[in-house]
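Where a number appears in this text, it was derived from the coordinates with a stated rule and is not lab data. What you see is a predicted model; the values in this text were computed from it and never measured. All Cβ positions, even for glycine, are placed from backbone atoms using ideal geometry, and neighbour counts span all protein chains on display.
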Amino acid sequence: MIVVIVGPTGVGKTKLSIELAKIYNAVIINGDSMQVYKDMNIGTAKVTEEEKQGIEHFLFDIKDPRENYTIYDYQKDGRELLDKFLKENKNVIIVGGSGLYIKSLLYDYKFQNEENNYTFDDLTNEEILNEIEKHYKTDIHINNRKRLVRELNKIKNGNTIKSDIHKPLYNFITIGLTTNRDKLYEIVNNRVDKMIDDGLISEVKELYDNNIHSKAIETGIGYKELYDYFDNKISLDEAIDLIKKNTRHFIKRQYTFFEHQMEVNFIDVDFNNFNNTINEAKKLIEKN
């Protein structure tokens, strides 16, 4: 059995995953693109050892934040684990908010490892476009050099395999946790304040002092904003406000993906009695 738990940040996915893992004797696989990195704990709301309650967790804390862990890497590692556990007749819960990562794991997304990253500095945009269209037509605008370079890199690395991204490769049920937007935004504000109280600034300062500049830092909400603060580009209050604002924007993107790219059974979270949420999830699982 594979159960997928998705939803916006702060809605209770970790708590539900632990409770269901205890009920169904399942292991848990991370479905969050940032929680694979070590030393990025508070800002990513990573599950703590105490919260795990002895449940086995996989694909958490597996990479140094200096490393670039791509969606290709995640898909490869995640499928190896899934196939292993299914062969052993183990139940699996995949939990996280990175919809594209989860979908690439479970659906027919085909990637190849793009080891080379050519810049094509000796080519004009027109020449790059011509090289691409020797292989197939593209709607990429001639002035969008970044996309042109990326597309030609795919060709040079043989990453032009066709796939059916709407075709599931596994049997699974996807449960989404949700609540009204006002409640969510209140949760976000309180959560960011708690992260600050719990030591987020010190966590990020240690990364900054170790001169860690990477894609994880550049894209990680809570990290990129505080790096700007340490660089004296913005004040601390501005950084905290930006963390809250960027988290709200991220939630909107999460909802858009879950609603349009995945078949999700949504549950309204009962924050007053979370057992009601657990029971709703159990009913969906047993029905399917």
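The sum of -39500 (n - 2.57) across all DSSP H runs of n ≥ 4, divided by the residue count of the chain, sets its helix-only mean residue ellipticity at 222 nm to -15000 deg cm²/dmol.
What is the sum of charges, Lys and Arg at +1 and Asp and Glu at -1, for the other residues whose Cβ falls under 14 Å from the Cβ of ARG79?
Numbers: positive: LYS76, LYS84, LYS87, LYS103, LYS110; negative: ASP73, ASP77, GLU80, ASP83, ASP108.
It works out to a net charge of 0.
Mean sequence separation of contacting Cα pairs (under 8 Å, at least six apart), scaled by the length of the stretch 162-288, corresponds to a relative contact order of 37 percent.
Max-minus-min Cα coordinates of the stretch 168-244 on each principal axis give 47, 33, 20 Å, with the largest extent listed first.
Dimensions of the stretch 1-148 along the principal axes, based on C-alpha atoms and rounded to the nearest Å, stand at 58, 33, 25, largest first.
Each of SER98, SER235, SER214, SER17 was scored by other Cβ atoms within 10 Å of its Cβ. Listed from fewest to most, they are SER235, SER214, SER98, SER17.
Averaging the sequence gap over all C-alpha pairs within less than 8 Å and six or more residues apart, then dividing by the number of residues, gives the chain a relative contact order of 27 percent. Summary of packing: across the peptides 249-257, 145-153, 216-224, the per-residue average of other C-beta atoms within 10 Å ranks them, highest first, as 216-224, 145-153, 249-257.
Can you give the charge dipole size of the chain about its Cα centre, rounded to the nearest 20 debye, using +1 on the beta carbon of Lys and Arg and -1 on the beta carbon of Asp and Glu?
940 debye
The MET1 and LYS146 beta-carbon pair, evaluated with R₀ = 51 Å, returns a calculated FRET efficiency of approximately 0.75. Quick one: if the Förster radius is 45 Å, what FRET efficiency do ARG191 and ASN25 give, using the C-beta to C-beta distance and rounding to 0.05? Computed FRET efficiency for ARG191 and ASN25 comes out at 0.90. Between LYS90 and GLU49, the simple spin-label model (points 7 angstrom out along Cα→Cβ) gives 2.0 nm.
Between the beta carbons of LYS134 and LYS110, assuming R0 = 30 Å, the FRET efficiency works out to 0.90 to the nearest 0.05. Highest mean packing comes first when the peptides 19-28, 52-61 are listed by Cβ atoms within 10 Å, giving 19-28, 52-61.
Counting Cα-Cα pairs of the stretch 185-286 in 5 Å increments starting at 0 gives whole-percent bin shares of 2, 11, 16, 17, 15, 12, 11, 9, 5, 1, 0. The label point for PHE271 and the one for LYS283, both projected 7 Å from the Cα toward the Cβ, are 2.2 nm apart.
Cross-linked pairs LYS87/LYS154; LYS38/LYS76; LYS103/LYS252: Cα-Cα separations exceed 24 Å for LYS87/LYS154. Taking 0.36 nm per residue of separation and subtracting the current Cα-Cα distance, fully stretching the chain between GLU126 and HIS260 would add 44.8 nm.
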